[in-house]
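Undergrad: Right, I'll just put the structure down here and ask away after.
The values are calculated or read from the model by the stated rules, or taken from the named source; none is laboratory data. Nothing here was measured: the structure is a model prediction, and the numbers come from that model. In this analysis, Cβ positions are derived from the backbone assuming ideal geometry, glycine residues included, and neighbour counts consider all displayed protein chains.
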Amino acid sequence: MHIAESQYLNLFWLMPVLCVFFWWTFRQRRRALRRFAEDHLVPSLISGISLGKQALKVILFLLFVVFVLLALVRPQWGTKLETVKRMGVDIMVVLDTSLSMETQDVVPSRLEKAKHEVKALIDILQGDRVGLVVFAGTGMVNCPLTIDQNAVKLFLDIVDTQVIPRPGTNIGEAIQLASQSFSEKERRHKVLILVTDGESLEGDPISAAEEAKKAGVLIFALGVGTGAGEPIPLRDEKGNVVGYKKDEGGSVVVSRLDEATLEKVSSITGGKYYRATTAEEELQKIYDSVSQMDKKEFQSKVYLTYVDRFQIPLGIALFFILLESLISDRKSPTAENFWLRLPRLVHTSQVE
């Protein structure tokens, strides 16, 4: 036999506690009667009460508790084969790790906000395969498509603006790389979530989006940043800000969220653009759109599982509590008349 919920075995310590409680209750009742009347009057006061039936009711109640606890620990015996299927879509997250993502117009920074949004989105996805592409001046598959969503979050934890050595921002190449990470045989079940501030210094994101559409990829864009923007901080090895990025003319570069480009890229494939917000309501909207897509089967495994038998002790427990409720603690009139007639019957038999 196998116990599925062994942590509830500790509740069986309630049984000695209940036994002591009922013993104490009967003792207190007897003391109360003795305080109320003389000892020779007590039997007449309780003449209609059956102490045997009271004890039986207590025993039945204790048996009810025992079998309820047995049902709670979920005893299992016997095995059965169970097939578990996992359904979902392929989702490739494309995360911008360029230097502009260090901008702090979104607290604590665009990159940290983007990573938090991606993790929160992964948490609400159900059954989908997720992969991760990071990009700056070029792109890299940081984590291939996998059903192990915790693994994706582990890869996400170590992402920073130094993970791609080539500077710049090439959204077009990142979209192409992510599109190639999907199965070429399928025309459905493919979602690309682009998380960036939208500033593309190289490549052509519009052409890349058109190619992605031909491959059956649906793009959702998540913009991180503000339209007003802020300067891009430069940090030393300890993470301290030592200055701000400047252009060739010596002017401080102000990085701004380019929503127009992101809206166009997503609309080309039939997807949508959302701006990252503090409330993160956009994540639920993305999930709602993804959940309405046709699912495909990723895994189908056969497991050997134990068969639950909690119904048996639960049924016995219900029988005992029903029986307890039907028994009265009053003496049976038939039995009472019998004991009253017993001395007379004995006397008659002696006379004869």
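Undergrad: Every residue in region 200-218 that is surrounded by 21 or more Cβ atoms within 10 Å (Cβ to Cβ) and either among the small types (Gly, Ala, Ser) or assigned to a loop (DSSP other than H, G, I, E, B) (or both), please.
TA: Answer for region 200-218, where residues must be surrounded by 21 or more Cβ atoms within 10 Å (Cβ to Cβ) and either among the small types (Gly, Ala, Ser) or assigned to a loop (DSSP other than H, G, I, E, B) (or both): Ser200, Gly203, Ala208, Ala209, Ala212.
Undergrad: Being at pLDDT 90 or above, among the β-branched types (Val, Ile, Thr) and either surrounded by 18 or more Cβ atoms within 10 Å (Cβ to Cβ) or not assigned by TED's automatic domain parsing to the domain that holds Val94 (or both) narrows it down to one residue among Val265, Val253; which is it?
TA: Val265
Undergrad: So in region 84-108, with the set limited to residues that are touching a residue at least 24 places away in the same chain (Cβ under 8 Å) and more than 26 Å from Phe182 (Cβ to Cβ), which one is surrounded by the fewest Cβ atoms within 10 Å (Cβ to Cβ)?
TA: That would be Gln104.
Undergrad: Here is a follow-up. State which residue is farthest from Lys119 (Cα to Cα) when the search covers only region 245-297 and only residues that are aliphatic (A, V, I, L, M) and in a loop (DSSP other than H, G, I, E, B).
TA: If we filter region 245-297 for residues that are aliphatic (A, V, I, L, M), which is where we start, we get 252-254, 257, 260, 262, 265, 268, 276, 279, 283, 286, 290, 293.
After this cut, where a residue has to be in a loop (DSSP other than H, G, I, E, B) as well, the list is 253, 257, 276, 279, 293.
On the way: Val253: 30, Leu257: 21, Ala276: 13, Ala279: 14, Met293: 21 Å.
If we take residues in region 245-297 being aliphatic (A, V, I, L, M) and in a loop (DSSP other than H, G, I, E, B), then Val253 is farthest from Lys119 (Cα to Cα).
Undergrad: Among (1) closer than 24 Å to Gly225 by Cβ; (2) assigned to a helix (DSSP H, G or I); (3) not aliphatic (A, V, I, L, M), where does Gly137 come up short?
TA: Status for Gly137: all satisfied but (2).
Undergrad: Collect the residues in region 148-164 that are farther than 24 Å from Gly239 by Cα and either touching an Asp or Glu at 6+ places or on another chain (Cβ under 8 Å) or not in a loop (DSSP other than H, G, I, E, B) (or both), keeping them in residue-number order.
TA: Hits for region 148-164 are Gln149, Asn150, Ala151, Val152.
Undergrad: Okay, next question. Of all residues in region 221-244 being without any contact (Cβ under 8 Å) to a residue 24 or more places away in the chain and in a loop (DSSP other than H, G, I, E, B), which is nearest to His116 (Cα to Cα)?
TA: Ranking the qualifying residues of region 221-244, first place goes to Gly239.
Undergrad: Let me ask something else. Given the conditions (1) modelled with pLDDT under 90; (2) in contact with an Asp or Glu (Cβ under 7 Å, 6 or more places away or on another chain); (3) among the acidic types (Asp, Glu), and given that Glu280 satisfies all but one, which numbered condition is not satisfied?
TA: Condition (1) is where Glu280 drops out.
Undergrad: Filter region 155-194 down to residues that are farther than 13 Å from Lys213 by Cα and of a type in the set (Asp, Glu) and give me whichever is surrounded by the fewest Cβ atoms within 10 Å (Cβ to Cβ).
TA: Of everything passing the filter in region 155-194, Asp157 is surrounded by the fewest Cβ atoms within 10 Å (Cβ to Cβ).
Residue by residue, here is whether (1) charged (D, E, K, R); (2) modelled with pLDDT under 90; (3) within 30 Å of Leu72 (Cα to Cα); (4) surrounded by 10 or more Cβ atoms within 10 Å (Cβ to Cβ) holds:
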| position | (1), (2), (3), (4) |
| --- | --- |
| Thr25 | no, yes, yes, yes |
| Leu33 | no, yes, no, yes |
| Lys53 | yes, yes, yes, yes |
| Ile59 | no, no, yes, yes |
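Undergrad: Just checking, which of Leu342, Leu322 is outside any strand (DSSP E or B), at pLDDT 55 or above and either assigned by TED's automatic domain parsing to the domain that holds Phe67 or not small (Gly, Ala, Ser) (or both)?
TA: Just a single option satisfies the conditions, and that option is Leu322.
Undergrad: Right, next: Looking at Leu111, is it crowded, with 21+ Cβ neighbours inside 10 Å and in contact with a Ser or Thr (Cβ under 9 Å, 6 or more places away or on another chain)?
TA: Yes; evaluated as a whole, the condition is true for this residue.
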